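Visitor: First, the structure itself, so that you have it in front of you.
The values are calculated or read from the model by the stated rules, or taken from the named source; none is laboratory data. Predicted model, so just to flag it, every value in this text is computed and none were measured. Ideal geometry is used to build each Cβ from the backbone, glycine not excepted, and the neighbour counts take in all protein chains shown.
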Number of protein chains: 2
Amino acid sequence: MAATPHALLFDVFGTVVDWRGGIARDAAPFLARHGIAMDPHAFAESWRDRYQPAMQAVRSGARPFTRLDVLHRENLEQVLRTAGADPARIPEAELAEFNRAWHRLDPWPDAVAGLHRLKARFVIAPLSNGNIALLLNMAKRAGLPWDAILGAEVAQAYKPQPEAYLRTAEILGVPPGACMLVAAHNSDLAAARACGLQTAFVGRREHGPAQTTDLGPEQDWEVVAESFTDLADRLGCAP
Amino acid sequence: MAATPHALLFDVFGTVVDWRGGIARDAAPFLARHGIAMDPHAFAESWRDRYQPAMQAVRSGARPFTRLDVLHRENLEQVLRTAGADPARIPEAELAEFNRAWHRLDPWPDAVAGLHRLKARFVIAPLSNGNIALLLNMAKRAGLPWDAILGAEVAQAYKPQPEAYLRTAEILGVPPGACMLVAAHNSDLAAARACGLQTAFVGRREHGPAQTTDLGPEQDWEVVAESFTDLADRLGCAP
């Protein structure tokens, strides 16, 4: 293995928190209240499906950097329309509150305990496409003990653009190889490795029992772990 | 008093940490090793004196945003020259290490305990002109339990420019009035108040016993406190 990293940088949606379960939990009463006949988990998947295309407009330069809260809100209105609901007929405060469901996602059961152990030895920070307020409110609610909130908004670039990884290392004042990306997504790790970062794969089932992608590591990542506590074990952190 | 704030934002140099004592501590062996006959506390004051003029070049637009680690390094070389030393004759690694003395400043004795109490009730983050790596390394060493690292580098503007305060509130997703700046400097608080932030003055003696400025509050700040633990008391935080 390469030199011990200075910082562990974490993908968040799917790797640290269960977005599908959290969005479905908040969608259920919202959908019922507005008479929208859609399964809450299907609603969550549909909202999430619009995530990559929305960021692509920023990545391509067609649109200036726009934080994820704004993209989530635009995507919410689109999903509501495809479900036959008119977002203009739903009170603004209710839409804004539902959009903040992304700030209220629960961590996977091992995440908080693992992060505390990792924090004793490494700088730990999100390197997520989520914006700062989203990640901060999520951390405060869930008890995620980040040392700093980094990611797309600080780097002003969305993963997997190289700038998202390279600027984060530069902001930390270390070479890319002194950073390790922790993610449940092989594509994110591949982009980080191409920039010189170390990589750790943690398997998750973010899409539920029917998941077909990212079921295991697809490259020889520096570390492959079952959970954040297993990651802490493998990186030599005290129990 | 106005509504309870969502976030407490902290000036750092002088308010949270003792820059004069910390720089003097690291300067003493450096100066001795290189035969520079200058009092370490005078060296610290001289290095710090160049802080505002260096940022002014960025504020005026004469220079693009440049992080404080870079400005500190340029200022260090200037101070060495005025002390009769040639920085080019000092090994690069030694200059870089000494420049990171700003990452190793100690908090005032009440700071860590006060921040822990404040964190239980509020979002707490630095709103400092220090760059992210500086503030992060400082926090990690000193145990400052920030929820996020905000400030000039994230806002891409140096205090007291309005953008430093306003962009920080906007990044947090709240109006300026939901933020309270905590500082030992009346001028910083005045600039924050002009942007609509709430304000808290905490008296410090950052310049040592001969300090002549900021000996007390110069406006009717929302809160005036003796220490961070006193601030926690005044803001109704649990012991």
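Visitor: Say we look at region B:1-44 and pick out the residues that are among the β-branched types (Val, Ile, Thr) and in a loop (DSSP other than H, G, I, E, B); which of these is farthest from B:LEU105 (Cα to Cα)? Walk me through how you get there before you give the answer.
Guide: Of region B:1-44, the ones among the β-branched types (Val, Ile, Thr) are B:4, B:12, B:15-17, B:23, B:36.
If we keep only those that are in a loop (DSSP other than H, G, I, E, B) too, we end up with B:4, B:12, B:15-16, B:36.
Values: B:THR4: 31, B:VAL12: 10, B:THR15: 12, B:VAL16: 9, B:ILE36: 22 Å.
Ranking the qualifying residues of region B:1-44, first place goes to B:THR4.
Visitor: For B:ALA183, only one of the following conditions fails: (1) under 29 Å from A:ILE132 (Cα atoms); (2) in contact with a Pro (Cβ under 9 Å, 6 or more places away or on another chain). What is its number?
Guide: Here B:ALA183 clears every test but (2).
Visitor: Right, here's the next one. Could you please let me know if B:ASP233 is acidic (Asp, Glu) and in contact with a His (Cβ under 6 Å, 6 or more places away or on another chain)? Explain how you work it out, then say what you get.
Guide: On the way: acidic (Asp, Glu): yes; in contact with a His (Cβ under 6 Å, 6 or more places away or on another chain): no.
Here the answer is no, as B:ASP233 does not meet what is asked.
Visitor: From the list A:ALA164, A:ALA192, A:ALA157, A:ALA178, which residue is surrounded by 15 or more Cβ atoms within 10 Å (Cβ to Cβ) and in contact with a Gly (Cβ under 8 Å, 6 or more places away or on another chain)?
Guide: Within the list A:ALA164, A:ALA192, A:ALA157, A:ALA178, the selection yields A:ALA164.
Visitor: Among the residues of region B:178-221, which ones are part of a loop (DSSP other than H, G, I, E, B) and of a type in the set (Lys, Arg)?
Guide: Of everything in region B:178-221, those that are part of a loop (DSSP other than H, G, I, E, B) and of a type in the set (Lys, Arg) turn out to be B:ARG204, B:ARG205.
Visitor: Next question. Pick out the one residue from B:ASP214, B:ASP220, B:ASP188 that is away from every other protein chain (no Cβ under 14 Å) and free of Cβ contacts under 8 Å to residues at least 24 places away in the same chain.
Guide: The conditions single out B:ASP220.
Visitor: Another question about this same structure. Between a first residue in region A:23-46 that is closer than 17 Å to A:GLN211 by Cα and a second residue that is assigned to a helix (DSSP H, G or I) and of a type in the set (D, E, K, R), which pairs have beta carbons less than 6 Å apart while being 6 or more apart in sequence or on different chains?
Guide: Sorted first by the residue in region A:23-46, then by its partner, the pairs are A:ALA44/A:ARG20.
Visitor: Got a sec? Which of A:VAL79, A:VAL112, A:VAL58, A:VAL70 is in the same structural domain as A:HIS185 (by TED's automatic domain parsing) and assigned to a helix (DSSP H, G or I)?
Guide: That would be A:VAL112, the only listed residue that is in the same structural domain as A:HIS185 (by TED's automatic domain parsing) and assigned to a helix (DSSP H, G or I).
Visitor: Which numbered condition trips up B:ASN137, out of (1) in contact with a Lys or Arg (Cβ under 9 Å, 6 or more places away or on another chain); (2) crowded, with 24+ Cβ neighbours inside 10 Å; (3) within 12 Å of chain A (Cβ to nearest Cβ); (4) not β-branched (Val, Ile, Thr)?
Guide: Among (1) in contact with a Lys or Arg (Cβ under 9 Å, 6 or more places away or on another chain); (2) crowded, with 24+ Cβ neighbours inside 10 Å; (3) within 12 Å of chain A (Cβ to nearest Cβ); (4) not β-branched (Val, Ile, Thr), the lone unmet condition for B:ASN137 is (2).
Visitor: Against the conditions (1) part of a loop (DSSP other than H, G, I, E, B); (2) touching a Phe, Trp or Tyr at 6+ places or on another chain (Cβ under 8 Å); (3) closer than 24 Å to A:LEU136 by Cβ, where does B:LEU135 fall short? Just the number, please.
Guide: Going through (1) part of a loop (DSSP other than H, G, I, E, B); (2) touching a Phe, Trp or Tyr at 6+ places or on another chain (Cβ under 8 Å); (3) closer than 24 Å to A:LEU136 by Cβ one by one, B:LEU135 breaks only (1).
Visitor: Tally time: how many residues in region B:142-166 are of a type outside the set (Asp, Glu), more than 11 Å from chain A (Cβ to nearest Cβ) and assigned to a helix (DSSP H, G or I)?
Guide: Looking only at that region, the number is 6.
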